[in-house]
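To start, the structure itself, in structure tokens.
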Amino acid sequence: MKFAGLFLAAALAACASTPDAPRRTSAEIDAFARAAMAGTGAKGLAIAVVEDGRVVHVGAYGDRNAKGDPLTPDTIMYGASLTKAAFGYVVMQLVEERKLDLDASIATYLPRPLTSYGDAQTEDAYARWSDLAGDERWRKLTPRILLNHASGFSNFGFLEPDGKLRFHFDPGARYAYSGDGLMLLQFVIEKGLGLDLQAEMQRRVFGPLAMTNTSLIWRPDFAANLADGWKEDGSVEPHDERSRVRAAGSMDTTIADMAKLAAGYVSGAGLSPAGRAELARPMLPITTRSQFPSLQPEVPADARIPGLAAGLGVVVFDGPQGRGFYKGGHNDSTGNTWVCVERGKRCLVILANDVRAEAAFPAIVRFVLGETGAPWGWEYGELKMWAPAP
């Protein structure tokens, strides 16, 4: 995505801080969140903070709908692409149980060739994998490549000029964001391993972490405390009741639940230390100027962001506090981010049911966690960023 505006570094200069920022009180975080909302015009925002692998702050601010009903820590919000990070967490558990091998061809698991699955409706395939017929490169795809966004696909095949899925480069060659890549790994797990992804997410993550208001598919009980969203132009977008489980982004959740997920993830709950480390290990250098458009040309080596790399469903970076990782989520009326610093097991999760809040995300992260080195310019391109008054 591309936005006209100020260059990111200049916009954030007013809120610069030392790498090891003091740990903020809840009152300080609340005040900063409200200032960010006032500065961006955002109607709703929620924040969770994890320190030393423990939840220390959960707050929700503003409205959940045009009626003015309050946004609360238990309001159901759209998780968007934060789903991908949660999915990677479950995949790593399957790997540790030897149900999956990160580096095995997906052909190892499927009962028949991928290209024989043609009808996205009758096969429950999410995409027409038969579009790849005649291109045997699909056999090179592995769970790691798919979670690294290195499939070679565009974001979604239906966005191609002819609506057909295709390879744009050899699998594993480079990073290019692809929701279809994550959907293919879901397909492999469901068709090849005979597992139901929603059930596995519930059994392995949502249940053990007591995430009682999180699901990859719509639940009728969500309607009682549900967040609609606001678009860039201030219009309201009703919350979508998602009827299909999608590893690329169907998760509904709350900020209270996301706090638990961030704490469990950064602490490695349900994983060995080696498995937890593998989730956010830099595996594939990222070589583009920004994340979107996903198939943009690579830039010369000296123009790349040092240390920026793909992990398993997250993006890994190096900063003044050491290694960190993050995942964003976005649609026309949603802005989310989840940033962690490995040292101190520190995380910040922001869910916003107003896309205008994204302009304040770098400032909020810097205020709470200090300077992390998160790649905001790569994530948001030329979005005009908000910064507090000096």
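Read-outs throughout are calculated quantities, based only on the coordinates presented, and are distinct from any laboratory measurement. Keep in mind it's a predicted model, so treat the numbers as computed, not measured. Ideal geometry is used to build each Cβ from the backbone, glycine not excepted, and the neighbour counts take in all protein chains shown.
Look at where the Cα atoms of region 275-311 and of region 108-185 average out, and the two centres are 20 Å apart. In this Cβ point-charge picture (+1 for Lys and Arg, -1 for Asp and Glu), the chain has a dipole of about 660 debye about its Cα centre. Neighbours of residue 171, meaning other residues whose beta-carbon lies under 14 angstrom from its beta-carbon, give a summed charge of +1 when Lys and Arg score +1 and Asp and Glu score -1.
Between residue 52 and residue 281, full extension at 0.36 nm per residue minus the direct alpha carbon distance yields a gain of 80.5 nm. Simple spin-label estimate for residue 299 and residue 116 gives 4.6 nm between the two label positions (7 Å along the Cα-to-Cβ direction from each Cα).
Set the Förster distance to 45 Å, then compute FRET efficiency between residue 103 and residue 66 from the Cβ-Cβ distance, nearest 0.05.
0.40
Taking 31 Å as the limit for the C-alpha separation, the pairs 140/327; 191/345; 231/260 exceed it in the case of 191/345.
Computing mean projected area of the Cα convex hull in nm² directly from the structure and comparing it against (i) 35.4; (ii) 18.0; (iii) 21.5 singles out (ii). Within region 144-180, list the residues whose amide N lies under 14 Å from a label point set 7 Å along Cα→Cβ of residue 332. Under 14 Å, as judged by backbone N against the label point of residue 332, lies no residue of region 144-180. Note on residue 235 and residue 217: their simple-model spin labels are 3.1 nm apart, each label 7 Å out from Cα toward Cβ. Could you work out how far helix 26-40 tilts from the main Cα principal axis of the chain, as a 0 to 90 degree angle to the nearest 10? Helix 26-40 sits roughly 80 degrees off the main axis of the chain. Considering only 145, 161, 306, and ranking their Cα positions along the charge dipole of the chain that arises from unit charges at the beta-carbon of Lys, Arg, Asp and Glu, the one farthest toward the positive end is 306. Extension gain for residue 28 to residue 136 (0.36 nm times residue separation, less C-alpha to C-alpha distance): 33.3 nm.
Taking other C-beta atoms within 10 angstrom as a stand-in for reagent exposure, 236, 316 fall in the order 236, 316, fewest first. Specify which residue in the list 217, 188, 177 is farthest towards the positive end of the charge dipole of region 175-229, using unit charges on the beta carbon of Lys, Arg (+1) and Asp, Glu (-1), about the Cα centre. Farthest towards the positive pole: 188.
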